[in-house]
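What follows is one structure encoded as structure tokens, with my remarks underneath.
Laboratory data are not the source of any read-out in this text; all were calculated from the coordinates shown. Every value quoted in this text rests on a predicted model; they were computed, and no experiment measured them. Heads up, the Cβs are rebuilt from the backbone with ideal geometry, glycines too, and the neighbour counts pull from every protein chain shown.
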Amino acid sequence: MDKIRERASKWFKKKKSNPGTQDDTTSDHNSKRVHKRRSTPTMKRNNRSSSNADAGPSVMAAPDRDRDRDKADGSLKRRKAKAIAKAKTPEQEAPSPAAPAASPSSPAASPAAPPASPGAPAASPATPAVSPGNQQVEIVMDKFNFIHSTIDKELTGLRKEFNTLKAEDKTRSPQTNIQCIEATKAKLSDGGYYNANIVDSMFILAQSPLERTVAHFWDLVLANEVEAIIQLHPCDEGKKCARYYPSKIGQSAEYGPYKVTFLKADPQPVEEPSLQFINLKVQGPKSEAALKHVYWGGFPTHGYPEASNTIPFIWKQLKTTKKKILVHCTSGSGRSAVVVLTCQMLAKIQKNEEVNMLSMTKELRTKRQSAIRNEMEYLYVFRVLLFYFMKYNAIEMSQNLLIFIDDYDSYVKKYDQSRKEQNAEFTEPSDECN
């Protein structure tokens, strides 16, 4: 114990005489620990500050750099989205009916559609404005040079071509009746009569139902296994078309022994706002069927609509139909025949088959009286087909093409004006049949 005290006393005396010194090992070890603990972060901060200063104003702090990176990423995504949208066709842009509905707060995809006609089916208020079919983009080819060869005939040549047929322009005579051709007459379940003809394996041309013939109309639908109906004028167009289905979703109505239910309304096509697609169910004494109903209110009784993709769009939605498609207008021979002939030609064109417009018109007339009654209807069919080819860039722009379009537009104006000057109202033949 005394030795320990003695050694401690010597150590304290030494410390008092040399206050600035300390044990070498302890001093070195402690100084290293202090230097490592205190100076290292300072060096990192100093190095970062000096590098930023050397780099100049282009280098920024981490928060600023991250914020700018986010902005750049967002801008790149927007540019990509715009490029994709620009490359898409309307058919690609339209979402499938099975896709979830857009949020109510999202912006509208297209301008508001025109108000529906009073006789048109009512669409669901919650129905988003999308296409009923999200099919692949069509590849259109004029394999047999139909479009170019027809353009080369010029408008005058097309008119002369039609006039080789027996002209049946009876639009000035409202008392003229459309008779059913017996060989192609559509049958009813009880062997009764309705003014309708089966014109090929897919289409039936029919007059619109009147108040006294609505029950016969639904008998016609079930007896001939109709899967789709195309209506070309509203139900309240004077006395030319009776209401033959309910106007609101979920409603049912009875027409004689037939009960018709409005199941649902399909989304309204963005690219064709004049079209309405609904689903109906009809129940009869012996059978029942679910069917698609298409209403096009853009084909007026007086005159002709502008060339558009409406008829090709209707055909695109219905061409996979396995059973019959019934098309009706006031007479079942004017507007209805235009739609059917256009669809028949589209079917051949899309199968890369050769088409002859004149011979197909002759064939249609052998099935339905007065089908394609005048040269204006004939020209309009070709103008719609021309629009279809131009839409899908399947025809090159040329001087002859532009001349043909100008001649057509001028002819339509003169055609309408000549009727006004003659004070002859453009009226389709009567629906009455003897």
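Annotation: Cα Rg of region 305-427 relative to the compact-globule expectation 2.2 N^0.38 Å equals 1.12. Between Glu288 and any residue 5 or more places off or on another chain, the built amide H atoms are never under 5 Å apart.
Highest mean packing comes first when the peptides 286-296, 192-202 are listed by Cβ atoms within 10 Å, giving 192-202, 286-296. Show log10 I(q)/I(0) for region 218-312 at q = 0.12, 0.13, 0.26 Å⁻¹, two decimals, from a solvent-free Debye sum over equal Cα scatterers. Taken in order of the listed q values, log10 I(q)/I(0) reads -0.42, -0.50, -1.44. Taking a temperature of 25 °C and a viscosity of 0.890 mPa s, what whole-number D in µm²/s does Stokes-Einstein yield for region 170-265 with Rh from Kirkwood over alpha carbon pairs? So the translational diffusion coefficient is about 168 µm²/s.
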